[in-house]
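The values are calculated or read from the model by the stated rules, or taken from the named source; none is laboratory data. The shown structure was predicted, so the numbers you read here are calculated from the model rather than taken from an experiment. Every residue, glycine as well, gets a Cβ built from its backbone with ideal geometry; the counts of neighbours run over all protein chains shown. We work out accessible area using only protein heavy atoms, side chains counted, and drop any ligands, DNA or RNA first. Shrake-Rupley method; radii C 1.70, N 1.55, O 1.52, S 1.80 Å.
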Amino acid sequence: MKALQERIRQDGIVLSSQVLKVDSFLNHQVDPMLTMEIGQEFANRFRADGVTKVLTIEASGIHFAMAAAYALRVPFVYAKKKQAVTLTEDVYSVPVYSFTRQETYRISVSKRYLSEGDRVLIVDDFLATGAALLGLVEIIKQSGAKLVGVGAVIEKSFQEGRGKLEQAGVAIHSLARIESMSPGEIRFVEETEKTLAEETSTRC
Ligand code: 5GP
């Protein structure tokens, strides 16, 4: 998604070769126009799959799930990281290890909001190690619902998340795939693929 890539280049801050800060427009202060465009893009890519529910994890996936669900005209559900006192009913639940916070937390979703007949699209802000998204995949398995795919706003393709999800047979659509990054330079996968294709066609 060109507009997203341009915005990442313009306003993203590369903290290290592993960590990208996008909190001026995606996950602290939020650009609602860009967020709605992202939701529309996910909806376009998964519209043919008969999605009945969008699933994400609190907190930084919520606005993207909302935007995608709005475009698809279906409800969205977010997995909770802490068991609220109001969450008294039975839950699907799974432990997730956070590499950014170096701790394991438990995510849960009420059994009332996900069931066998659902066709679920998972949406999240980042695909990095894949731990959070694999946790959501496991929640869907527990519910007996059908996973139609995963939509990630930003994928750090140099980390292992995509490989792990592909191994689990999950269809992935990432709107910006970062191949590598360093302060002052962010390289996207699609651009490298395009350059290689251009080089091949000029050689032929
Ligand atoms: P995972 O490693 O499980 O794929 O990523 C878990 C979560 O860590 C993501 O949903 C995202 O909120 C956060 N995260 C991972 N890498 C980055 C990053 O480079 N920048 C920011 N801002 N968050 C990240």
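What the table below lists for this structure:
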| read-out | value |
| --- | --- |
| Tally of residues being open to solvent by 10 Å² or more (accessible area, probe 1.4 Å), of a type in the set (A, V, I, L, M) and touching a Leu at 6+ places or on another chain (Cβ under 8 Å) across the stretch 116-144 | 2 |
| Number of positions in the stretch 145-162 that are open to solvent by less than 40 Å² (accessible area, probe 1.4 Å) and over 23 Å from Met66 (Cβ atoms) | 3 |
| Subset of the stretch 52-80 (residues that are part of a helix (DSSP H, G or I) and without any contact (Cβ under 8 Å) to a residue 24 or more places away in the chain) | Ile62 |
| Residue in the stretch 188-195 that is out of contact with any helix residue (DSSP H, G or I) (no Cβ under 9 Å at 6 or more places or on another chain), at pLDDT 95 or above and part of a loop (DSSP other than H, G, I, E, B) present | no |
| Close pairs (9 angstrom Cβ cut-off, 6 or more residues apart or separate chains): over 19 Å from Val189 (Cα atoms) and of a type in the set (Ser, Thr, Tyr) in the stretch 8-33, open to solvent by less than 50 Å² (accessible area, probe 1.4 Å) and near the ligand (Cβ under 10 Å from one of its atoms) anywhere | Ser24/Gly12 |
| Selection from the stretch 81-103 of residues that are touching a helix residue (DSSP H, G or I) at 6+ places or on another chain (Cβ under 8 Å), modelled with pLDDT of 85 or more and assigned to a loop (DSSP other than H, G, I, E, B) | Asp90 |
| Condition check for Glu190: surrounded by 13 or more Cβ atoms within 10 Å (Cβ to Cβ) and either more than 16 Å from the ligand (Cβ to nearest atom) or within 20 Å of the chain's Cα centre (by Cα) (or both) | yes |
| Among residues of the stretch 166-187, those that are in contact with a Leu (Cβ under 6 Å, 6 or more places away or on another chain) and either open to solvent by 20 Å² or more (accessible area, probe 1.4 Å) or assigned to a helix (DSSP H, G or I) (or both), counted | 1 |
